[in-house]
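Comments concern the structure below.
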Amino acid sequence: MEKKHVTCVFCDQCCHVSVETENGLIKAIHPYNPAVPAICSKVQLWDSYVNHPDRVVKPLKNVGERGEPKWQEITWERALDEISEKLKSISANYGSTSVAISAMPINLQSGAGLVRRFANLIGTPNYITPMELCVGNTAQVHRTTYGWYTAPVYEKSDCIVLFGQNRSLENWPQDYLGIMAAHQRGAKLIMVDPRKNELGEKADYHLPIRYGTDAALLLGWLNVIIEEALYDQEFVQTKTVGFEQLAERVKDYPPERVAEITGLDAELIRETARVYANSERAVIPWGVVTDMQKNSTSALRCQCILRAICGFIGKSEMVVGPGTGVLSVSELEMHDALSEDIKAKQLGTENYPLFTYKGASLFKDASIETFGYPHYNIADGSCMAHPPTLFEAMRTGRPYPVKAILVLGNNTLLSFANQKGILEAFLNQELVVAYENFLTPTAQLADYVLPGDMWLERPALGPAIEVRPILTTSQQVLAPRGECKNIYDVLKGLAERLGLAEYFPWANVEAFYDWRLAPLDLTWEQASQKPAIPLKPATDGSRFGTPSGKVELYSSVLEQLGYDPLPYFREPDDPTLAEEYPLIVFVGLREPTFYNTCLRQIPELRKRIPEPLLLMHPEDMEKYGLKEGEWVWVETPTGKLQIIVKADSVQPPGTIRIPHGWWKPEKPQGLKNHLSDAML
Ligand code: SF4
């Protein structure tokens, strides 16, 4: 019996697991730390995924029209030859910016930095990732405030504030157990959520906030904390800039006004603000809900400001910056291989600059001064094109044509809003390549599908998202199935054909890891014996990676980019729509049974949720004359879909909830079949 440590990326919790093998076969998977059962049931279904009969295990070429399921097997050599020839000709005809890349760092693990290296070397700034909707935008906002991305430490906290997160053993179990352990030793739990979910039942305070008004609540908390002088005055004086302007701004948000906006009780707003600020060490962990609302940037800014002025930075909220000792992912990505002219052409630069090179460049000097080098790509979600602007260019050729897209380890079509627009964009491409495990709706639109390995079949070095000064390792357990390849081999194969071989000189991915580890005097073989290698932090926290070197309560970068440098609140509702569209839709419910658009082909999981479900309060079902299990049409000003209704008494009346990422892999493929029922 042999034991290996592996990072599961069936979802973005990225749990360390211990895999027991015998004669090369997996016998059992356990939590890495046997004392803490921090894994979910999905990981035990690895066999249904790895050996699924529909898995793509050979390169495929579509010999029909785009979206017509006419697949022919092709050799790797031939596929890479044809793809690279096509890339050369598109680049020659329309310019290097006409090639786009869409990649998912979580799924590709340490391959993500190599993808950006490849994009930069072929001269395209038009790289996107679904992380822009999730963590990536949080990271940009964190950077405007303190130059890095915070990570909460539950073990050190005595107050935990959750915005809409319903953690459980099936949904981010490590965080759930961390929260529960802290709660059991007395940490206060404050749950902000229109719904009283299972975790909310256990909370000390449940704030049933009106959807989309998180920023107002947080501005109200800041009002109370500043008015009552509950903040850390020494930290504010020595480590921040802009306190006076902030204090002036939050005067506009007294608890009574915030109570009107949020639907919460003014005294509850005061009391919870005091509980948070008077804690010795409190945390506000990241949650996707705050990433996806109209006031997202201001709500995230307020969270950052609260962490800072209440003195929790470096205590329970760690903002230490990257580690040193190995080449960082940001340096590996070779961002300076792109000229300034090309960076300026990145799609979205004009209207959404914070995400793009334009925004990142405003932190360049600060990151050199603070970390010792230009750290461009914070949390793998920076310096990117704006996805809707990219799709628009793919569809219309404006402001310039984008004619090829490489989709690496993600289901782009179902990962962003406006599926019909994205579909049109894909149909207008001269080349679509998908590197995938299955024929997802996006892969069904490809000219070539290249079979990728999965997490049990690859060695990995480095966390999926680089935020802590630590390198993690994940050992390879299984040989890749069929002809599946690691992303490194695919990029190397393409780079060689495109005259870029010198930038991918390593014989294989392990040799590449040897190169990355050389400054630590370690080989991959040695390093991979341990699940984690601590690195020396690049900063002791005395200087923050912002232009002022301080925590910017008043953001100089937002100001330079033409935005309000302070947080504010905007009404999320459009009252002109209320008569025609009386219900409010919460779009994008994540179902922990799956992971975004993934895992839908695992029969055991589909038995748990066979169909997408609309959640609605029973009172509303009665009002609209609907019955449980009935198919209904849901229509918004931008589209409509048909879905099964399910009664849910914790859904606030007047609102409904629609899940995210549905397609049915068992259904026939191709555009004529709505890409396996993806286009609802
Ligand atoms: S929560 Fe489950 S699926 Fe997600 S990483 Fe952990 S074990 Fe894997």
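Would you work out which of L189, T272, V283 lies farthest towards the positive end of the dipole of segment 150-318, given +1 charges on the beta-carbon of Lys and Arg and -1 on that of Asp and Glu, about the Cα centre? Toward the positive end, the furthest listed residue is V283.
Counting charges near P105 (Lys, Arg +1; Asp, Glu -1) among other residues having Cβ under 12 Å from its Cβ returns a value of -4.
Past 18 Å, Cα to Cα, is the threshold; run K156/K188; K358/K492; K88/K492; K3/K485 against it and keep the listed order. Correct reply: K358/K492; K3/K485. Solvent-accessible area per residue in the chain equals 39 Å², computed with a 1.4 angstrom probe and all protein chains kept. Taking a straight Cα-Cα cut-off under 20 Å and skipping sequence neighbours fewer than 8 places away in the same chain, the lysines within cross-link reach of K536 are K315.
Around N437, under 11 Å between beta carbons, what's the net of Lys plus Arg minus Asp minus Glu among the other residues? Charge balance in the 11 Å sphere: -2.
The protection proxy used here, the mean number of other Cβ atoms lying within 10 Å of each residue, ranks peptides 641-650, 145-154, 460-469 as follows, highest first: 145-154, 460-469, 641-650.
The peptide list 318-330, 587-599, put in order of mean Cβ contacts within 10 Å with the highest first, becomes 318-330, 587-599.
Taking amide H as placed 1.01 Å from N in the peptide plane, the amide H of T240 sits under 5 Å from that of V551, each at least 5 places away or on another chain. What pairs in K70/K420; K86/K345; K294/K530; K196/K294; K196/K623; K61/K420 have C-alpha atoms more than 31 Å from each other? As for pairs spanning more than 31 Å Cα to Cα, those are K294/K530. Counting protein heavy atoms only, the chain has 51 percent of its accessible area on carbon and sulfur, 1.4 angstrom probe. For I309, the shell of other residues with beta-carbons less than 10 Å away shows a net charge of +1, using +1 for Lys and Arg and -1 for Asp and Glu. Summed over qualifying helices (DSSP H, 4 residues or more, each -39500 (n - 2.57)) and divided by its residue number, the chain shows a 222 nm mean residue ellipticity of -9000 deg cm²/dmol. Here segment 444-468 and segment 210-261 have alpha carbon centers that stand 42 Å from each other. Entry note: segment 575-677 has Rg to Rh equal to 0.99, where both radii use alpha-carbon atoms and Rh is the Kirkwood radius.
The values are calculated or read from the model by the stated rules, or taken from the named source; none is laboratory data. Since the model is a prediction, treat every value here as computed from it, not as a measurement. Virtual Cβ from ideal backbone geometry, glycine too; neighbours counted across all protein chains shown. Accessible surface is based on the protein model in full, side chains and every heavy atom, while ligands, DNA and RNA are left aside. Shrake-Rupley method; radii C 1.70, N 1.55, O 1.52, S 1.80 Å.
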